[in-house]
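Any read-out appearing in this document is the output of simple, stated calculations on the displayed coordinates, not a laboratory observation. Only a predicted model underlies this, so the values are computations on that prediction, with no experimental measurement involved. Here the Cβ positions follow ideal geometry from the backbone for every residue, glycine too, while neighbour counts run over all protein chains shown.
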């Protein structure tokens, strides 16, 4: 039987504490549920933990025509990718501003740069994350609180298999999770606004050409890249 999330996190806690001499607190919540961000915030406040870095990284996708995909799963995707990320940021941000410190890293995607036929909701939620993160950067410009927007390309994680993207042209070549995480973390430490990571040279050229492509051509190209083999 596959380990539960609780067991996996407890194993990681033990590893981190043993290797680095730190204390790790595990909180297991389903962030697709609207009440979870507040429950996490309340537990952290009750424990007296001061957050120095907030990383909003949870998210999932799914391939297929919007009207044919499972209704509940699409709504859960919006709750996880958009609502929970927004709630976590809003709950903690007043504390961060009061202390005039802390760095926030929000994981968006290069998907945020274009519409995504066959992943309409996922691409749209990531567009929200990028727009939201960039807007906060300007709102917080007179403080020492920074918001960095990480936009990875196809990355070697369980996301591909769970979403079905591992069977598409887009996921034929993936970046390592470590390289993407390090790029995001280092950009966050420097207070950068946006960072794109995990793209091949050809993908970088294609990404830079997005603003200049006719919309119909862009939509057909993205759709083709997301068709499952």
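Structure notes:
- CD proxy at 222 nm, helix term only [per DSSP H run n ≥ 4: -39500 (n - 2.57); per residue of the chain; nearest 500]: -15000 deg cm²/dmol
- Cα-based helix-to-principal-axis angle, 5-20 vs the chain, degrees rounded to 10: 60 degrees
- Its Cα gyration tensor gives segment 1-135 an equivalent ellipsoid, and the semi-axes of that ellipsoid, as √(5λ) in whole Å with the largest first, are 28, 20, 14.
- Sequence of 83, 107 once ranked by neighbouring C-beta atoms within 10 Å, starting from the fewest: 83, 107
- Taking label points 7 Å from Cα along the Cα-to-Cβ direction, residue 75 and residue 26 give a separation of 3.1 nm.
- When you count the other C-beta atoms within 10 angstrom of each residue and take the mean per peptide, 51-57, 6-12 line up highest first as 51-57, 6-12.
- Relative to the longest principal axis of the Cα atoms of the chain, helix 177-189 runs at roughly 60 degrees.
- Modelled FRET efficiency - R0 25 Å, residue 186 with residue 99, Cβ distances, 0.05 increments: 0.65
- Tilt relative to the chain, helix 120-139 - C-alpha long axis, 0 to 90 degrees, to 10: 50 degrees
- Residue exposure proxy: 40, 78, 210, ordered by other Cβ atoms within 10 angstrom of their Cβ from fewest to most, comes out as 210, 78, 40.
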